[in-house]
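Each value in this text was obtained by applying a stated rule to the coordinates, not by laboratory testing. For clarity, every value in this text was computed on a predicted model and none was experimentally measured. Cβ placement follows ideal geometry from the backbone for every residue including glycine, while neighbour counts extend to all protein chains displayed.
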Amino acid sequence: MDYREIMYTNVEGYAGLGGLQERGPFGITMAVNLDYTGREKCEKGHRFGPFIRYCYLVHVVLDGKGLYRVNDRTYELGKNTAFVIFPGVESVYQASFEDPWTYCWVGMHGYNVQEFFNRLHVTPDNPVIELTDTEQLEESVAELMNACNMSHANELIRLGQTIRFMGLLEGKRRIDPGESGARKYPAHVYVKYTLDYIRTHYQSEIRIEDMSDQIGIHRSYLSRNFKKETGMSPKEFLINYRLEKSALLLVNCGDDISVVANNVGYPDQTAFSKAFKKKYGMSPQKYRKTQRTAMIRDDKDLDLTRPIGKIAEKKTEEKAEQKAEQKGAE
């Protein structure tokens with residue numbers, strides 16, 4: 001890229017980094033490319049447009065109020081909102097005369113940018129994003145402008161911060177718990193993640209709320225689709241998985257019942273024994289004794305004093321005798 005294109009301005013009330021139109025730090029067009037970024041505390045009634053942009057431009061309102069007009073519709077916006085200007089679409093925006101807004105912005109292009117906004121259901125007919133807060137978005141823009149020096153390292157920083165800004169824009173989006181746009185992946189992907197999480201962390205305390213928060217979806221959505229995929233709720237699956245693991249431990253190790261219980265996520269032995277009996281119809285101690293007795297009985301059926309070939313011959317003879325007896329009985 002030609003570094004002479006970079007224009008950095010920092011005066012009272014306005015800071016901006018422009019003239020980038022970057023093709024990426026490796027000299028190729030990338031999924032996301034930064035065009036310009038900045039921050040401004042607007043004067044009363046400050047207006048821009050009507051104007052047509054050549055890239056996607058996101059304005060994040062940090063404070064104050066203003067109007068955004070696109071496709072013959074006007075939006076009254078304030079703090080903790082963002083509006084997106086789309087390439088090739090004429091728009092105009094203006095600060096309030098009573099409480100003019102302060103905003104920061106990021107202009108970008110790239111072959112994945114449109115898909116990013118499509119996933120958020122943000123279009124020229126639905127260009128406003130409600131946000132939970134803007135602190136990190138403002139910080140990300142500041143980091144972009146700090147990387148204004150002409151160096152390959154700063155190109156990489158700008159690329160990383162632009163992608164981070166997009167991630168924050170999606171992550172800070174205010175959504176209704178039941179809104180389908182809150183979810184980025186098909187339901188079965190979240191279910192698989194939950195299954196893997198349970199299988200990995202079953203020995204620790206697991207709360208469904210914690211899992212759903214970590215995944216980034218509402219608990220009710222996770223529970224509903226988990227049951228649809230597995231036939232059980234996440235809690236039922238967790239209990240069943242822990243008890244199946246404990247059954248294996250009871251038969252194959254000599255640890256005390258309390259140790260087995262703790263190793264499968266039950267610090268309370270009484271609660272473990274109650275859950276175990278409900279699933280297997282007997283106490284953990286009786287299950288261990290019953291299963292081990294059955295194993296010993298199976299071992300006694302083997303005649304280890306004769307060669308394997310002879311054992312096979314005997315079993316064949318026994319089967320033939322049984323068939324003959326059955327035929328005679330008929």
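Evaluated over the Cα positions of segment 230-285, the convex hull gives a direction-averaged projected area, one quarter of its surface, of 3.7 nm². For the set 79/172; 228/274; 172/235; 44/172; 245/277, the pairs lying more than 25 angstrom apart at their alpha carbons are 228/274; 172/235; 44/172. Taking amide H positions as modeled 1.01 Å from N, with prolines and chain starts lacking one, no residue 5 or more places away or on another chain lies under 5 Å from residue 147.
Computing FRET efficiency as 1/(1 + (r/R0)^6) for residue 142 and residue 174, where r is the C-beta to C-beta distance and R0 is 35 Å, gives about 0.95. Binning every alpha carbon pair distance of segment 187-297 at 5 Å from zero, what are the percents per bin? The distribution over segment 187-297 is 2, 12, 22, 19, 15, 13, 9, 5, 2, 1, 0, given as percents. Going from the residue with the fewest nearby Cβ atoms within 10 Å to the one with the most, 89, 141 rank 89, 141. Residue-normalised convex hull volume from the C-alpha trace of segment 43-179: 118 Å³ per residue.
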